[in-house]
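S.K.: For reference, the structure I am asking about is given below.
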Amino acid sequence: MRGKWRYLTIALLWSLCLGGCASVDRLTNILYPTQTPWKDSSRPLVTTTATATRSATAQRPTTTPVRTSTAIRGEPTKTPSIPPTPRISPSPEPAPDEQQSLVFAHDGNIYRGDYFGQQPTEIASVPRLEAWDFAQGRLAIAQEGHLDIIDFNRGKLHSAEIEEEIIYAHVLWSGSGRNLLHAAIVDDETAPTFGRSVDLRAFGCDGKAFGKMRIKDVNGVNLLHYDDVSGQVLLIPFGGDPSFTKADYYNLESGERRRTIPIRGEGEVAVSPDGRYLLTEWLSDQGGAQLLLYHLSTEAEEARPRTWEHPSDSHSVSHIWSPNGEYVAYLLQDGTTFAESSKGLGLWVLDVASMQAKKVMEEAALSSTVVGWTPDGDYIVAYHRGTEGDSYFYMIRPHGGDRRLLTVPPQGEILGWMTPPEEPVAEKVVIDPWQGRFEDVEGEAEAMAQVVAEFVAANADTDTETLSRDLRAHLEKAGWSADVMEPHVKRLADQIFVAQLPPFSIYVLDSGEAHFVGNGHLVLDARLEGDDLGVILGTKDQGYIQPTYTLLHRQADGPWAPLWTPQGRRDWVATDGEIQFVGSGLGRLRVRGSSFGLAGEENQIFVECRECPHRWLTATWRRTDGAYERESDLPSDASLPQIFWEMTERRPYALLHECLRRLRQGLPADELVASPQVANQVRTLGLLKEGVRLMAEEETKEGVRFSDVEGKATFYASIQDERLLRVERVVE
C-alpha cells in the first residue's frame, strides 16, 4: 500500500500478522502519528514497495505518501478547514516546476493545492484510504470487493465489483500509469500449505478488467513493478519466512512464471521507477546492515549486487527512489533492526552510480518517514513526527538546502503531484465514505451498531426517512439481511435517535455512540424527557406485534442503561396488544393486551387458541420515581383473578368467562347474571363440573357460541346489559 506501511520491514509486517492485534497496536502507536491500528491480527501480506516515483520519461508525478491511509479515518462526511502551518523561508534556489499541483487527503476529503500544497481546493470526498495508489491524477482505492478509480483530470469516478470474498486487497498503477494491478488475498481450500492464494487482476483506468491470474498457496505477495506494455508483474511471494531469496516475473495474461531473480533481503524492497534496479537491505554475516542494489536486466540477473555498508550499528528504513532513478532517499536509525532502535540518525541520499551515501539533514524521530520526491526531482518530501505534537510535512533539496514546511495538515496524507486539468472540473467527485466501514463489520452486530451510530451522527441534518433509506441501502450492500422488518431510525433530539437494526436489536444512538436497548423488530414509539428515555419496541410473531416497554436513564458518564422494565409483573398484559404514552412526557402508559397466553389463572375453564375470541385487558400505569405502578382500586392483597377482572373490558366472552369462573369456585356472581335461574342452567348443562374445558368459537354483541374441547356439545350464551341472560345447548 502507499503510505507508512511501506516503510515497515517485511519482517515486522510478518511478525504483526503472526503476533496478533496486541503487537499491531503497540508498534503502531510507536511508529505512526495518526494510524488507526489493524483490527485483524491475521491481515495478510499484500504490500507494495516504495516505487511510487516513476520514470521521468513517462512524465508522471512522483508519490510515496508517508502515512497509511487509515490516518484519515475521521468523520468522512466533514469538510474541515485546513489549519495553517508555519513556513521556513526558502533560500535562493532555482524555481521549482510550479505547473505541478500537490494532492493530499485530510479528514475524508481530497485537496489539490499549488506545488507546495498551498491554497488547496477540495476536489473529492472519499472513504478511508486503506489500500490505494495515485498516479497521473488518478487515485485507485481498494476496499474489500470494491474498486474505485477517481480521475481528477476529468472529475470522473469509475467503479468495479469483484464477486469473490476477499481477505485483503491492494492496488498498484503500472509504470505507464494507464493500467492498474489489483492484488487480493483469498482463501483457497486447494492450497495445501497456507490455505490461501493471491489473485492478480488488471484494470484499465476506466475500471474495466482485462486480465487475471492466481499465485497458488502463498500467504501474501510484495508487489514490486507492473509493466503493462509487456504484461509482466514483478513480485516477491511470501510463505512462512519473513526474509526472501528471490523475486519472480509473471506474465499476467498466461499466468506463467517467466523468470526468477535470485536476491536476498529482509525488510523493504524498492524498485526503481523504470524497473531496472531493485534495492534491498540485508544484515551481513559481520552483523552490519547494508543496502544491496540488483540490476534486473536478463544479462545481469546472475551478477552480484552492488553494496553500500551503513555506518556501524545502524540500519535504514523508508527507501524512496528519485523520479530519474539516480538516487534513493532513506532514513537511518541506530541498531541493526527496528527493535533495537532508540533514535534516528538522519535523512540520507544514496547515489546509485557511485553507491555512496551522504547525510542530507538530521532527523532523530524514529517514526518520521520519507514521503517521496517532487516530480522534477528537486525536493525530497518527508514527514517529521515530533514528540510533543510538532509534527509536519516538509521539503528539502537533496543536498540539504532550501528546507521548507508544507501547509498540509499533520493528520493528512500526501498522495502525490499532478498536472492541473486545462479545463476546471465542474463538480468534485464524491465516493460514499461509509460503505467500506459497514462491510468491515459484517457479522459483528455490536460493531455494526457503532458504525450506524457514527453514520447517523454524521448525517444528523438529514430527515429520518432519507436517513433510514440510506441506512438500509448500506446494510443491504454489506450483506446484512433485513430479518422481519427493515432497519429504520426515529429522531428524538438533534443527536439522539432510536434505531432498529439487524439482526434483531433496538439501540439508542446518541452523539455517535450506540447503546443497546433490547431485542425487537421495530420501534413503535419513543419519548425523551430530560435524561430519561422511554422506548416502546415490538417483536413480530406470526403476524402479530408483541410490544414491550423499557425505561432508560442516561448515566452520569454518558451511557444509556435500563432503569425499569415490566419483567416479572403478571398484571402487565400486552399480548397481541399495544402500549401507548398517555399525555405528555413519560408519566403514564396505557397498556392493552389479550388474554391469549395468560399463565397461572386459577381453575382455568376456557382454553384459548390464537384465533379464538379473547378477553381484552387494559390498564393505566403511572410512573413513581424510577418505576411504574398500575392504577388500581383493589386492595394490596387482591388475587390475580380479581386483578385481571378489574383490567378486563366488559365484552360478552369476558362476562361469560368470569361468570363461569366464579360459579365453579362457589363465589358470588349476582352482578354477572340476569336471574338466579342462570346459575341453575349452567349447572344443569354440566358446565361447572371439575375438569370440563371449554373453548369459545364465536363472539357477537348478543352472545358467545362455545363448546367443550372434546367436541361433544355446543352451547350458546346470551348476553344483555353486561349480564348473562341464559345459557342453552345448541342442537345441530
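The values are calculated or read from the model by the stated rules, or taken from the named source; none is laboratory data. For clarity, every value in this text was computed on a predicted model and none was experimentally measured. Quick reminder, even Gly has a Cβ in these numbers, built from the backbone with ideal geometry, and neighbours come from all protein chains shown. Surface accessibility is based on the protein's heavy atoms, side chains included, excluding ligands, DNA and RNA. Shrake-Rupley method; radii C 1.70, N 1.55, O 1.52, S 1.80 Å.
S.K.: At R0 = 51 Å, how high is the FRET efficiency between Ser481 and Ser297 if r is their beta carbon distance? Nearest 0.05 is fine.
M.R.: 0.40
S.K.: Between the range 142-201 and the range 315-346, how far is it from one alpha carbon centroid to the other, in angstrom?
M.R.: Centre-to-centre (Cα) distance: 29 Å.
S.K.: Please calculate the 1.4 Å probe accessible area of Leu524, with all protein chains present, and give it to the nearest 10 Å².
M.R.: 80
S.K.: At 0.36 nm per residue, minus the direct Cα-Cα distance, what do Glu253 and Val229 gain on full extension? Give it in nm, one decimal, please.
M.R.: Full extension of this stretch gives 7.5 nm more.
S.K.: At 1.4 Å probe radius, can you tell me the per residue accessible area of the range 405-560 in Å²?
M.R.: With the other protein chains kept in place, the range 405-560 gives 43 Å² per residue.
S.K.: Ignoring ligands, DNA and RNA, what percent of the 1.4 Å accessible area of the range 251-407 is carbon and sulfur? Show your work: numbers first, answer last.
M.R.: Values: 2900 of 6350 Å².
On the range 251-407, the fraction of accessible area on carbon and sulfur atoms equals 46 percent.
S.K.: Skip the ligands, DNA and RNA, and give the accessible area per residue of the range 143-237 with a 1.4 Å probe, whole Å².
M.R.: 38
S.K.: Tyr327: accessible area at probe 1.4 Å, nearest 10 Å²?
M.R.: Using a 1.4 Å probe on the heavy atoms, I get roughly 80 Å².
S.K.: Now a separate question. What do you reckon, how do Thr245, Thr336, Thr307 stack up by accessible area (1.4 Å probe), largest on top?
M.R.: Correct descending sequence by accessible area is Thr245, Thr307, Thr336.
S.K.: Between Arg214 and Glu122, what length comes free when the chain is fully extended (0.36 nm per residue of separation minus the Cα-Cα distance, one decimal in nm)?
M.R.: Numbers: separation 92, 0.36 × 92 = 33.12 nm, distance 3.85 nm.
So the chain would gain 29.3 nm between Arg214 and Glu122.
S.K.: If I stretch the segment between Arg705 and Asp557 completely, what's the gain in nm (0.36 nm per residue apart, minus their alpha carbon distance), one decimal?
M.R.: Numbers: separation 148, 0.36 × 148 = 53.28 nm, distance 5.91 nm.
47.4 nm is the gain from fully extending Arg705 to Asp557.
S.K.: Related question: Just reorder Lys358, Lys701, Lys216, Lys689 by solvent-accessible area, largest first, 1.4 Å probe, all chains present.
M.R.: Output order, biggest surface exposure first: Lys701, Lys358, Lys689, Lys216.
S.K.: How would Lys208, Lys359 line up by accessible area, probe 1.4 Å, largest first?
M.R.: Most to least solvent-accessible, the answer reads Lys208, Lys359.
S.K.: Let me ask something additional. Obtain the nm distance between the two label points defined at Glu697 and Leu405 by a simple spin-label model: each point lies 7 Å from its Cα along the Cα-to-C-beta direction.
M.R.: Reported label-point gap for Glu697 and Leu405 is 9.1 nm.
S.K.: Can you list the HN-Hα couplings for the range 200-214, worked out from phi with the Karplus curve (6.51, -1.76, 1.60; θ = phi - 60°), rounded to whole Hz and with x for Gly and Pro?
M.R.: Each residue's phi maps through the Karplus curve to give 10, 10, 9, 10, x, 5, 8, x, 8, 7, 9, x, 7, 8, 10 Hz.
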